[in-house]
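These notes concern the structure reproduced below.
The values are calculated or read from the model by the stated rules, or taken from the named source; none is laboratory data. From a predicted model like this one, the values you see are computed outputs, not experimental measurements. Ideal geometry is used to build each Cβ from the backbone, glycine not excepted, and the neighbour counts take in all protein chains shown.
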Amino acid sequence: MKYLTTFNINNFRLRFGSGTHVHPYYITSLGPLNNKIAKSYKTILVLYNNNLDITTKNEVKMLTEHLKNGYDDKRIFPGFNAIYRTNVDIEPVSFDPSGYDRPEKIYESFKSTCSNVEKCFPVIVLPRVHRGLYDSIYYRTKAEFLEHGITSQIFTTDLLKDKKNYVWSLLPTSIQMFTKMGGIPYILEPGIKEFLDIQVFIIGLGISYHPLNKEQRIGYVMMFDQLGNWEFLEAGSIAVENTDIESDKNVDTLADRVASLLNTAIARLANKIQAKHAVLIIHYSGKEISSKEENAIAKALQELKLSQKILAVYVLKINKSNIVINDLESQFEINGNETGYPQIGTVFKLKPDVYLLVTTGYFVTDRATKGNIWRGLPSNLIISRHKEMEKLNENIIKISDESLLASVFSLCRLNYASVQNPVSSEPITTRYSREIAWIALRLLGAKAMSKMEVFRTRMWFI
Amino acid sequence: MISSTSGRYLVNFLPVNFDSAYLDVYWLPLLRECPSPWVVSAINQYANSTVASLLPRQYQHLKEGIYIASLAGMISEEYVSTELKETLTTYFKSGEDRQGKTTSGEKCIAELDKDISKVQTIQIPSTGYVVANLLKNALEKIIKTSENKNILCRKIGAELCLHLEKKYLETLIPQEKRDAEPLLTFCDNNSWLCGNEIEGKEGCSRFFKVVKEITLRFQHVVIENITGGNDERIYVIVSSTYRRISKLTLYDVICFLWSTGTDIGLLNGVRVNKKVKRGTDLCKVVDARENQVQLSCISHDEVVDIERLRWSGDQYTINPTYKNSREFIEKYICDHVDKHKYLIAEIKHNPRIYFRQLANDVKLILGNIIPNNIILNNVKYKITEEFLKL
């Protein structure tokens, strides 16, 4: 194991509508990169349970008012339309008290208030639930709206009452809403610069189990370009019977399904390649993947045929790690006490093709040393390059390991959920595997997933 | 060369030293009629003197196959073959109820019998890729056969996990040094969460226990040396935390409610996990009465007799994550079940504080709970106490 390099966040700036900056919260002054689709929305409805007590109802009204006209201190949140250059009306609407048990009641209220549901965006106020509960009102409500082709934003009653966090949640919530409305808040300023005539696309590949039925899996492929521009999502059911666990048959079936998803995504990508050639970098998460799924991914990639357009496919497996780094020369002190937090972006080489990337710790800006962690242990990722799975045209100039690692760090920078944090602990390509799987599993019954344009084109899962 | 004494970054890696550059191991090719994971599992579970590691594909200079090492110094290939057949027999006997395994077991042993010379002694680097797994399996076997076997806990994957209870820690740490172990102070103040039966807190000690959890992972590392070649090393990645162990089987909870004179109807609305062949079914208690419980599960509804629950082991357990379950637990079983989180926050405050505690933990376990020397065939491995610096 040895120290390799440090990715400095100042070299991974974000591009907004009218300039670049290191920090996402500069969207308030620099505006979004692209609001073309989001501009077509007419109304944002803040939906709340009619049975809420009067205090909470007033807090819902306050949320509506803040989204519309901004927070008292406009530097913190100047209002939705002011930031995103949109012209939406924002109003509260109550839903039937039975909505907490039956999300279809919430949708009914939404539908009855909107003459054209495609031009309305719902912000739904719900009680806070544990994200690890498959059967919770959170997942059921999001699935209910998505089944009707509507993306949604959940806002919890707990957050309404938590005055301090509420204020700071307004901006990140609005960024999520804007993104789900089809807007692009910001992307990365630099991409991988090793090729002139070649476009680089980054793919998030995941397989997740149904939490209650291990024979049922969901596979997904999400696509970004090298600047973090969202392209699309393809997802599909992978049901494999585990009757004969020793058999290779189910690995083959899994591989077929994964290959089919990849091929569908690559066929769809073909229209988006503007350069002469393209290169794909696959990020897949080791979170829920056993050796069986890994073998299936390897087999699926073997079957993949490189076209004249796509010259290479690189494969990176990304895992959270339990390795702890104590930086004895850390510049980050809290209340005058040494912390040992390492610098974000520090990379260690564990062995050939295996790297450790620090994603929480401190960062240095032009003004000061700051941290994206104040208490707890820093997190880091183990990134393994799987050369045996890769497909490379022999004429291609190879991408260096450092550039491949930069693709992971870049997509850790692309954080639409928490604007105070300049680097997420996981890249956006692998971060949402559970949300995608659990909501997609609920849509399987509807059997219309593949036909839902919104499902494929919007980042509904953030 | 890798320096472990100087550098800017301290990592939770303990270097494993060795006294010979090459390790003699017994190697077995992948068998045609016998799934290799079964063979490896049989050896690691039932062999007295050997451990095994599977390499399904060639890796660097190591060929695919099953690698076996002895914990008792060098032994003959015949001895390894004999022990292997015995362990396979035991393994398949233990799994007779599992479909297809008996027939496969006979096939496995027949294949080994056909060609006894399949086990060969070969030489590999002492720090080769498979050695990390052999050392992990060896350490697990050493602990399993020692008087400390109860400290082993279940962990999926390549990690070895140890649970250390308050009473056990007190036997290891002298009185004057006990302040350095946060769990002991915690248990002084919350003894009902550490196994002590205190009046009014019976539910806590019966269903929950806070323990120290130490995990060890043997990690193979390759690094380029100054001559352009590769050096291989083995490290132990060590981590430390605290865990609240819960054993909320539905039957035991019902018995507890009876013993405290509490109406079991209060279980209504509580979420229950039911283990099924395909995973876990999530159920909700719809109606709990004197002799039966009605459950509404995602896959179906069912009525379970209390008598059946008694014999169902941990098939039905309360899922504490849901709000209703949580409220029920805190009201009728044990309040403040999350107190251990303060303990975790204390030692994981930041890397600097964590390493101070981790250094204590390493001193505590090495040579006391786990041996610092592990012998595999002709090589003596030694786990060192100093963390790696980079």
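Name the residue that is nearest to the chain's Cα centre (by Cα), counting only residues in the stretch B:311-341 that are within 14 Å of another protein chain (Cβ to nearest Cβ) and without any contact (Cβ under 8 Å) to a residue 24 or more places away in the chain.
Among those that are within 14 Å of another protein chain (Cβ to nearest Cβ) and without any contact (Cβ under 8 Å) to a residue 24 or more places away in the chain, it is B:Lys341.
Looking at the stretch A:64-84 only, could you name the residues that are within 26 Å of A:Lys36 (Cβ to Cβ), out of contact with any Gly (no Cβ under 6 Å at 6 or more places or on another chain) and assigned to a loop (DSSP other than H, G, I, E, B)?
Listed by number, the list holds a single entry, A:Lys74.
Within the stretch B:252-264, is there a residue that is of a type in the set (S, T, N, Q) and in a strand (DSSP E or B)?
Initial filter on the stretch B:252-264 (of a type in the set (S, T, N, Q)): B:259-260, B:262.
Next cut, in a strand (DSSP E or B) only: none.
The answer is no; no qualifying residue exists.
If B:Leu160 passes every condition in (1) closer than 30 Å to B:Ile223 by Cα; (2) among the aliphatic types (A, V, I, L, M); (3) surrounded by fewer than 17 Cβ atoms within 10 Å (Cβ to Cβ) but one, which one does it miss?
Against the list (1) closer than 30 Å to B:Ile223 by Cα; (2) among the aliphatic types (A, V, I, L, M); (3) surrounded by fewer than 17 Cβ atoms within 10 Å (Cβ to Cβ), B:Leu160 comes up short only on (3).
Taking the stretch A:346-384 as the search range and keeping residues that are aromatic (Phe, Trp, Tyr) and within 14 Å of another protein chain (Cβ to nearest Cβ), which one is farthest from B:Gly229 (Cα to Cα)?
Only one residue tops the list, namely A:Trp374.
Of the numbered conditions (1) under 21 Å from the mean Cα position of the chain (by Cα); (2) at pLDDT below 90; (3) not assigned by TED's automatic domain parsing to the domain that holds B:Ile43, B:Leu169 fails exactly one; give the number of that condition.
B:Leu169 satisfies all of (1) under 21 Å from the mean Cα position of the chain (by Cα); (2) at pLDDT below 90; (3) not assigned by TED's automatic domain parsing to the domain that holds B:Ile43 except (2).
Among the residues of the stretch B:1-33, write down those that are within 12 Å of another protein chain (Cβ to nearest Cβ) and either farther than 28 Å from B:Glu64 by Cα or surrounded by 22 or more Cβ atoms within 10 Å (Cβ to Cβ) (or both).
B:Met1, B:Ile2, B:Ser3, B:Ser4, B:Ser6, B:Gly7, B:Arg8, B:Tyr9, B:Leu10, B:Val11, B:Asn12, B:Phe13
Given the options A:Leu196, A:Leu133, name the one that is outside any helix (DSSP H, G or I) and in the same structural domain as A:Gly228 (by TED's automatic domain parsing).
On the way: A:Leu133 fails: in the same structural domain as A:Gly228 (by TED's automatic domain parsing).
Exactly one of A:Leu196, A:Leu133 is outside any helix (DSSP H, G or I) and in the same structural domain as A:Gly228 (by TED's automatic domain parsing), namely A:Leu196.
Considering only residues of the stretch A:310-329 that are free of Cβ contacts under 8 Å to residues at least 60 places away in the same chain and within 27 Å of the chain's Cα centre (by Cα), which is farthest from A:Asp252 (Cα to Cα)?
This residue is A:Ile325.
Go over the candidates A:Gln176, A:Gln153 one by one and state the one that is within 27 Å of A:Ser407 (Cα to Cα), at pLDDT 95 or above and out of contact with any Leu (no Cβ under 7 Å at 6 or more places or on another chain).
A:Gln176
Quickly run through the stretch A:259-308 and pick out the residues that are among the polar types (S, T, N, Q), surrounded by 14 or more Cβ atoms within 10 Å (Cβ to Cβ) and either modelled with pLDDT of 85 or more or under 25 Å from A:Cys412 (Cα atoms) (or both).
Listed by number, the residues that qualify are A:Ser260, A:Asn263, A:Thr264, A:Ser285.
Of the residues in the stretch B:40-91, how many are farther than 21 Å from B:Ile143 by Cβ and assigned to a helix (DSSP H, G or I)?
The qualifying residues number 11.
Write out, first by first residue and then by second, each pair whose Cβ atoms fall under 6 Å of each other, whose residues are 6+ apart or on separate chains, and whose first residue, in the stretch B:218-245, is at pLDDT 90 or above while the second is among the acidic types (Asp, Glu) and not in a strand (DSSP E or B).
Listed by first residue and then by second, the contacts come to B:Ser240/B:Asp361.
Does B:Lys212 qualify as being more than 14 Å from chain A (Cβ to nearest Cβ) and either more than 30 Å from B:Phe256 (Cβ to Cβ) or acidic (Asp, Glu) (or both)? Outline the logic, then answer.
On the way: more than 14 Å from chain A (Cβ to nearest Cβ): yes; either more than 30 Å from B:Phe256 (Cβ to Cβ) or acidic (Asp, Glu) (or both): no.
No, not satisfied.
Mind listing whichever residues of the stretch B:342-356 are surrounded by 15 or more Cβ atoms within 10 Å (Cβ to Cβ) and more than 11 Å from chain A (Cβ to nearest Cβ)?
Matches in the stretch B:342-356: B:Leu343 only.
If you go through the stretch B:270-279, how many residues are facing another protein chain (nearest Cβ under 9 Å) and among the aliphatic types (A, V, I, L, M)?
1
Kindly establish whether B:Val221 is crowded, with 20+ Cβ neighbours inside 10 Å, among the aliphatic types (A, V, I, L, M) and touching a helix residue (DSSP H, G or I) at 6+ places or on another chain (Cβ under 8 Å).
no
Do we have B:Leu282 as away from chain A (no Cβ under 14 Å) and either on the phi < 0 side of the Ramachandran plot or touching a residue at least 24 places away in the same chain (Cβ under 8 Å) (or both) here?
no
Being in a loop (DSSP other than H, G, I, E, B) and of a type outside the set (Gly, Ala, Ser) narrows it down to one of A:Lys57, A:Lys36, A:Lys61, so name that one.
Exactly one residue qualifies, and that residue is A:Lys36.
Which of the numbered conditions does B:Ala359 fail, given that it passes all the others? Conditions: (1) under 27 Å from B:Asn150 (Cβ atoms); (2) touching a helix residue (DSSP H, G or I) at 6+ places or on another chain (Cβ under 7 Å).
It is condition (2) that B:Ala359 fails.
Would a scan of the stretch A:297-305 turn up a residue that is within 14 Å of chain B (Cβ to nearest Cβ) and of a type outside the set (S, T, N, Q)?
For the stretch A:297-305, residues within 14 Å of chain B (Cβ to nearest Cβ) and of a type outside the set (S, T, N, Q): present.
Can you pull out the residues in the stretch A:334-345 that are more than 16 Å from A:Thr6 (Cα to Cα), more than 7 Å from chain B (Cβ to nearest Cβ) and touching a residue at least 12 places away in the same chain (Cβ under 8 Å)?
A:Ile334
Quick check: anything in the stretch A:313-329 away from chain B (no Cβ under 14 Å), loosely packed, with under 15 Cβ neighbours inside 10 Å and closer than 30 Å to A:Glu215 by Cα?
no
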